[in-house]
Amino acid sequence: MTDVACNVICIASWNADLVSRVARPMARGETLMAHSFDIQPGGKGSNAAVAAARQGATVGVIARIGDDDFGRMALALWAREGIDTEHAEVAANERSGVAQILVFDDGDNSIAVATGAGAGLGQVNVDKASEAIRACKVVITSNEVPQAATLAAFKIARDANAKTILNPAPAVALPDELIALCDVLTPNESEVRVLAGMSAQASMADASQAILDKGCRAVIVTLGSRGCALWHQGQSPQTLAGWSMQVIDTIGAGDTFTGALAAALARGETLVEAMTCANAAAALSVTGRGAIAAMPTLAQSQNLKKSTLKETA
Ligand code: RIB
């Protein structure tokens, strides 16, 4: 517990990532020998919280974890990263979330998540943390937590003028009420079409516009190594190029983007400035193993931005 208000609050999923590295995606029924196996911190919410903390935000999590070794791993991580855990509930006799991840030789991955205790996160947890939400500048979450928790938190945030960012992963259709409470949605290219209820052939622009029409204030589509694109209520679309990085794995790149975006907005940066910071942080995050190993500090992502400016000057 801290007595300083956090400027970013994350409605956080937590998973222990069980990561096997294999040559390529597997066929149904196939057994493949893995190159390696690691247990690493994960969960889209926890990853974004760590990213925001490394970018200099004061961060608190509203979370539910199991009373098990993986739950203790979460508490140790959050303590190391300076993340406030006053509103992290340890659920007796429940398991923590786990994600079974296959990372392929090209750095891409497949992930299966079992949310464990996180499935019980709800209105009660949010209500207990309502003062912290009211006092913060930005609330972030993902589709890995129950929608009821997100909705409850975003209603409080909107009422208190705190910004809301939803990373809509994994992709599911969202109720219009929730979309209208989002200041920023950060889907990837396939998620934006699912959110808009459109086919894979629909253009990103049409899908993003359909989401804006439902009352979301901005949609930033993350494009991996190609950067990101912003559609903003009442303004022209903007795109940012990506960086060419040595990719080790892409686990947590989208979460890093969301967390870094939140930290920059909490510092008072404009949405375009914040998107630039997030784009740099996400690029650096793919250069190490697992979700958080290569998540950069603010100084590291600023250095990347400077070095690129020099190259292009
Ligand atoms: O976005 C990456 C994350 O997705 C992993 O850390 C895994 O836990 C799943 O939640």
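Scoring E86 on the criteria (1) exposed (fewer than 13 other Cβ atoms within 10 Å of the Cβ); (2) in contact (Cβ under 8 Å) with a residue 60 or more places away in the chain; (3) closer than 30 Å to C277 by Cα; (4) away from the ligand (no atom under 15 Å from the Cβ) leaves a single failure, condition (1). Note on segment 188-223: among residues that are within 18 Å of the chain's Cα centre (by Cα) and either assigned to a strand (DSSP E or B) or without any contact (Cβ under 8 Å) to a residue 12 or more places away in the chain (or both), the one that is farthest from A169 (Cα to Cα) is A218.
Residues in segment 212-268 that are over 30 Å from D38 (Cα atoms) and aromatic (F, W, Y): 1 in all.
Could you tell me whether segment 229-252 includes any residue that is among the hydrophobic types (A, V, I, L, M, F, W, C) and within 18 Å of S46 (Cβ to Cβ)? Among the residues of segment 229-252, at least one is among the hydrophobic types (A, V, I, L, M, F, W, C) and within 18 Å of S46 (Cβ to Cβ), which makes the answer yes. If the condition is being within 16 Å of the ligand (Cβ to nearest atom) and of a type in the set (S, T, N, Q), then segment 148-186 contributes T150, N167, T186. Of all residues in segment 94-117, one or more are in contact (Cβ under 8 Å) with a residue 12 or more places away in the chain, away from the ligand (no atom under 12 Å from the Cβ), surrounded by 18 or more Cβ atoms within 10 Å (Cβ to Cβ) and within 29 Å of N7 (Cα to Cα). Among the residues making up segment 270-297, a single one is at pLDDT 95 or above and charged (D, E, K, R): E273. Looking at this structure, is A281 in contact with a Pro (Cβ under 9 Å, 6 or more places away or on another chain) and within 20 Å of V59 (Cβ to Cβ)? Considered against the rule, which asks whether it is in contact with a Pro (Cβ under 9 Å, 6 or more places away or on another chain) and within 20 Å of V59 (Cβ to Cβ), A281 comes out as yes. Of all positions in segment 45-56, at least one carries a residue that is within 29 Å of R267 (Cα to Cα), in a loop (DSSP other than H, G, I, E, B) and touching a Leu at 6+ places or on another chain (Cβ under 8 Å). In segment 24-44, the residue that is nearest to the ligand (Cβ to nearest atom) out of those that are touching a residue at least 40 places away in the same chain (Cβ under 8 Å) and not in a loop (DSSP other than H, G, I, E, B) is G42. Filtering segment 260-281 for residues that are touching a helix residue (DSSP H, G or I) at 6+ places or on another chain (Cβ under 8 Å), surrounded by fewer than 14 Cβ atoms within 10 Å (Cβ to Cβ) and acidic (D, E) leaves a non-empty set.
Taking segment 224-253 as the range and being within 16 Å of the ligand (Cβ to nearest atom) and in contact (Cβ under 8 Å) with a residue 60 or more places away in the chain as the test, the residues that pass are V247, I248, D249, T250, I251, G252.
Only residues that are among the small types (G, A, S), within 23 Å of T297 (Cα to Cα) and more than 10 Å from the ligand (Cβ to nearest atom) were counted across segment 45-63, and they come to 7. The criterion of being outside any loop (DSSP other than H, G, I, E, B) and either within 16 Å of the ligand (Cβ to nearest atom) or in contact (Cβ under 8 Å) with a residue 60 or more places away in the chain (or both) holds for A283.
The values are calculated or read from the model by the stated rules, or taken from the named source; none is laboratory data. Quantities reported herein were computed from a predicted structural model and do not represent experimental measurements. Note: ideal-geometry Cβ built from the backbone for every residue, glycine included; neighbour counts use all protein chains shown.
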